[in-house]
Amino acid sequence: MKNDPKIWPARLHHLSLFSEDPERMVEWYKKALVMEDVTLEDGVIWLKGAQRNFIISKGRKGQVDHAAFHFKNKKHLEIYLEQLDNTNCKVEPIESPLLDKEAFSIKDPDNNIFHFGTSSLDDSGLSATPARLQHVVFRSQDLPRMVDFHTNVLGFKVSDIVKDEKGQVTANFMRSDPEHHSLGVFRADETSLDHFCSESSSWNDIRDWADHFASLGIAITWGAGRHGAGNNLFIFVSDPDGNNVEISAEIEHWKYEDPPREWAHEERTLNLWGVAWMRS
């Protein structure tokens, strides 16, 4: 339909994470993900890197304050907002330190908060260890409702669907630009963050990140491997709060009109090379 919300193309811009020990988290991210810290206000720290940005504030660990997506220009943002008006979606204006003044927020059925706007940052550079913040995945007790909202209200496109032997959906990967997924939702017994990922350029970058983590005594918790859904190379590490931090490369690119695929709920779907981290 003409008035369907067209988020395409938009990319993940930054994540705002809660932590019970923000100072410890800040020091870890500065070293592990090669970032600089900037104090925004008392107890709120902006971690900035080359095309990856986080905000850390005091709160319950393992929880996301918000995930922010950005559009290339204000005209696209304006059109998107007009289309959202036709969905009866509640839109709240916000003041964001990392997005322009037209930014707004939306809350999904699991009460995850999403910010949308245009970036106020000059974030075009690359570091010696490139990795652009690329996707975030949440766990949900009501996956069908979540997918319905993010596709039919916010306009994400489904790339891959994972189903168990009973035909029940266990995971859904959605895209907001040609990259296979910028958002994922996994079936779970709790509502929480599953992981987030930064996309590097190549297998050599994955190797360099692994060497970098090794130099800091940070163990790889999963990988190296290659996902079935998305076909991207990956490694995982854990931050001090236990958040799962992924570095990937070679993620698939899709067209807007490409139809969804289906995968079986099995290890191969999550890791074509071997052992997988199965959530359910």
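The values are calculated or read from the model by the stated rules, or taken from the named source; none is laboratory data. Remember, predicted model here, so these are calculated numbers, not experimental data. With ideal geometry, Cβ positions are generated from the backbone for all residues, glycine too; neighbour counts draw on all protein chains shown.
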task = State which residue pairs qualify: first residue under 20 Å from N53 (Cα atoms) and inside segment 190-209, second residue surrounded by 15 or more Cβ atoms within 10 Å (Cβ to Cβ) and acidic (D, E) in any location, beta carbons under 8 Å apart, and separation of 6 or more residues or different chains.
result = H195/E246; F196/E246; C197/E246; S198/E246; E199/E179
request  = For E78, indicate whether it is assigned to a loop (DSSP other than H, G, I, E, B) and surrounded by fewer than 17 Cβ atoms within 10 Å (Cβ to Cβ).
outcome  = no
query = In segment 27-39, what count of residues is obtained for those that are touching a Ser or Thr at 6+ places or on another chain (Cβ under 9 Å) and either of a type outside the set (V, I, T) or within 23 Å of E95 (Cα to Cα) (or both)?
reply = 1
message = crowded, with 22+ Cβ neighbours inside 10 Å, outside any strand (DSSP E or B), touching a Ser or Thr at 6+ places or on another chain (Cβ under 6 Å) and modelled with pLDDT of 95 or more: which single residue out of H135, H181, H150 fits that description?
response = H181
key: Flag if K74 is touching a helix residue (DSSP H, G or I) at 6+ places or on another chain (Cβ under 7 Å) and either under 24 Å from S248 (Cα atoms) or at pLDDT 95 or above (or both)   = no
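Results for (1) crowded, with 16+ Cβ neighbours inside 10 Å; (2) over 17 Å from the mean Cα position of the chain (by Cα); (3) of a type in the set (F, W, Y), shown as yes or no for each residue.
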residue: L12; (1), (2), (3): yes, no, no
residue: K31; (1), (2), (3): no, yes, no
residue: V38; (1), (2), (3): no, yes, no
residue: G43; (1), (2), (3): no, yes, no
residue: F54; (1), (2), (3): yes, no, yes
residue: V64; (1), (2), (3): yes, no, no
residue: A68; (1), (2), (3): yes, no, no
request  = Given the conditions (1) in a helix (DSSP H, G or I); (2) among the β-branched types (V, I, T); (3) loosely packed, with under 15 Cβ neighbours inside 10 Å, report the number of the one that V275 does not fulfil.
outcome  = (1)
task = Kindly establish whether I235 is over 18 Å from the mean Cα position of the chain (by Cα), among the hydrophobic types (A, V, I, L, M, F, W, C) and either modelled with pLDDT of 95 or more or surrounded by 17 or more Cβ atoms within 10 Å (Cβ to Cβ) (or both).
result = no
inquiry  = Can you confirm whether K6 is under 23 Å from S176 (Cα atoms) and in contact with a Gly (Cβ under 6 Å, 6 or more places away or on another chain)?
reply    = yes
Matching entry among D194, D241, D258 (being modelled with pLDDT of 95 or more, in the same structural domain as Q168 (by TED's automatic domain parsing), closer than 21 Å to V158 by Cβ and assigned to a loop (DSSP other than H, G, I, E, B)) = D258
inquiry  = Considering only segment 199-215, I want to know if a residue exists there that is in a strand (DSSP E or B) and under 19 Å from the mean Cα position of the chain (by Cα).
reply    = yes
remark   = Note on segment 84-96: residues touching a strand residue (DSSP E or B) at 6+ places or on another chain (Cβ under 8 Å) and surrounded by 14 or more Cβ atoms within 10 Å (Cβ to Cβ) are L84, C89, V91, I94, S96
key: Test: R145 is in contact (Cβ under 8 Å) with a residue 60 or more places away in the chain, in the same structural domain as S192 (by TED's automatic domain parsing) and not in a loop (DSSP other than H, G, I, E, B)   = no
